[in-house]
Protein chains: 2
Amino acid sequence: MDDIRMRPIGTVHNDVTEATDEAWGKVISDIRFRPELAGVADGLETFTHCIVLYWMHQTPPTAELRRRPRGRKDMPELGLLAQRARHRPNPIGITAVEVVGVTPDTVRVRGLDAIDGTPVLDLKPYYPEFDRRDAAVPEWARRLMEGYF
Amino acid sequence: MDDIRMRPIGTVHNDVTEATDEAWGKVISDIRFRPELAGVADGLETFTHCIVLYWMHQTPPTAELRRRPRGRKDMPELGLLAQRARHRPNPIGITAVEVVGVTPDTVRVRGLDAIDGTPVLDLKPYYPEFDRRDAAVPEWARRLMEGYF
């Protein structure tokens with residue numbers, strides 16, 4: 001299977017320098033585009049939310065297959081693709097955030113869980129048809145997420 | 001900004017050979033992992049839904065910045081990142097789907113809008129905290145999605 005190559009569309013700018021597992025909900029981030037992409041998000045301000053796809057550049061791709069979420073003993077050992085952890089074969093993060101404002105070269109969002117300097121791969125308007133599901137999660141996943149946003 | 005390189009985790013297998021804009025909701029797809037990743041999704045069956053991140057390999061990355069959704073005259077001209085179209089700087093698709101079943105080398109899902117042979121970059125369990133939002137979309141976006149799933 002061939003490798004896939006992509007070029008980030010821009011970079012996250014915020015005042016978070018270290019990845020944590022709590023209180024991301026109020027973080028304001030600017031996603032600044034490469035200059036040649038100016039205008040590429042025009043119209044995104046007519047949506048209330050968007051999804052940010054970013055590359056977790058401080059977490060190298062892993063060859064590991066299983067682990068306990070956050071290494072916690074009170075969590076079950078699971079395949080990496082049954083988790084949202086940074087540790088995964090391709091460390092892409094996706095998070096649905098609020099759209100705060102759009103200019104030709106920047107999208108400002110609230111609630112992005114990515115540190116300053118994170119490369120951004122794509123931005124998508126949040127469409128309930130693609131994105132909103134009445135989903136159930138196991139009990140450990142509810143415990144894990146307490147206080148994250 | 002450096003290019004990012006990633007290796008697909010697997011491939012979509014289904015009986016859809018041509019991309020369309022309707023009736024994806026009932027499509028059953030198997031995502032088959034590379035052999036060395038066997039077991040990497042163990043536990044995903046305890047979630048009702050997952051998000052599939054895939055590479056739209058038949059749509060090359062575009063340098064275009066704006067277009068009308070599906071080229072339709074009744075749609076506004078917008079930046080590509082204000083759309084869910086295949087045409088985008090990095091043609092990654094993301095869709096929330098139902099988890100039908102998990103084996104060591106395959107995840108079976110319902111409702112994936114990707115054709116047979118599509119490379120898959122990542123799979124994530126659907127977490128309402130990350131993924132579920134009470135989002136509003138503009139009127140044209142509602143019209144555009146009629147019949148898609």
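The values are calculated or read from the model by the stated rules, or taken from the named source; none is laboratory data. Predicted model only: the values in this text are computed from it and were never measured. Note that each Cβ is placed from the backbone with ideal geometry, even for glycine, and that neighbours are counted across all protein chains shown. In case anyone asks, the SASA skips ligands and DNA or RNA and just uses the protein heavy atoms, side chains included. Shrake-Rupley method; radii C 1.70, N 1.55, O 1.52, S 1.80 Å.
General remarks:
- B/A buried area, accessible surface, summed, 1.4 Å probe, Å²: 7100 Å²
- The calculated Kirkwood hydrodynamic radius for the stretch A:54-103 is 12.5 Å, given to one decimal from all distinct C-alpha pairs.
- Computed in the context of the full set of protein chains, the accessible area of the protein assembly as shown at 1.4 Å probe radius has 48% of its extent on carbon or sulfur.
- Derived value for the stretch A:64-149: Kirkwood hydrodynamic radius 15.4 Å. Basis is the mean of 1/r over every pair of different alpha-carbon atoms.
- Selection among B:VAL99, B:LEU78, B:ILE51 by position relative to the dipole of the stretch B:50-112 gives B:LEU78 as farthest towards the positive end (Cβ unit charges, Cα centre).
- Assigned charges on the beta-carbon of Lys, Arg, Asp, Glu; chain A dipole about Cα centre (debye): 500 debye
- Solvent-accessible area per residue for the stretch B:1-104 (1.4 angstrom probe, square angstrom): 46 Å²
- Annotation: B:ILE51 carries an accessible surface of approximately 10 Å², with a 1.4 Å probe and no ligand, DNA or RNA atoms counted.
- Distances between copies of A:ASP21, taken at a point 7 Å out from Cα along the Cα→Cβ vector and listed shortest first: 4.4 nm.
- Applying both filters, DSSP loop and at most 16 other Cβ atoms within 10 Å, to the trypsin sites (Lys or Arg not before Pro) of the stretch B:1-51 gives B:LYS26.
- Residues in the stretch B:98-116 that a label on B:THR48 would reach, taking backbone N under 12 Å of a point 7 Å out along Cα→Cβ: B:98-99
- Rounded to 0.05, the FRET efficiency of the A:LYS26 and B:GLU139 pair, given R0 = 35 Å and the Cβ-Cβ distance, is 0.70.
- Anisotropy class of the stretch B:1-134 from Cα gyration tensor, a/c 1.5 cut: prolate
- The charge dipole of the stretch A:1-73, taken about its Cα centre with unit charges on the Cβ of Lys, Arg, Asp and Glu (plus for the first two, minus for the last two), comes to roughly 540 debye.
- Only DSSP H runs of four or more residues enter the estimate; each adds -39500 (n - 2.57), and after division by the residues of chain B the mean residue ellipticity at 222 nm equals -1500 deg cm²/dmol.
- Label point distance in nm, B:MET75-B:ARG110, each placed 7 Å from Cα along Cα→Cβ: 2.8 nm
- For B:ASP2, the label point sits 7 Å beyond Cα toward Cβ; its separations from the matching points on the remaining copies run 2.3 nm, from shortest to longest.
- Between this copy and the others, label points of B:ARG72 are 4.4 nm apart in ascending order, each placed 7 angstrom from Cα in the Cβ direction.
- Principal axis dimensions, the stretch A:11-61 - Cα atoms, whole angstrom, descending: 32, 24, 20
- Cross-link table A:LYS26/A:LYS73; A:LYS124/B:LYS73; B:LYS26/B:LYS124, entries beyond 24 Å C-alpha to C-alpha: A:LYS26/A:LYS73
- Remark: the protein assembly as shown carries a charge dipole of roughly 20 debye about the Cα centre, counting +1 on each Lys and Arg Cβ and -1 on each Asp and Glu Cβ.
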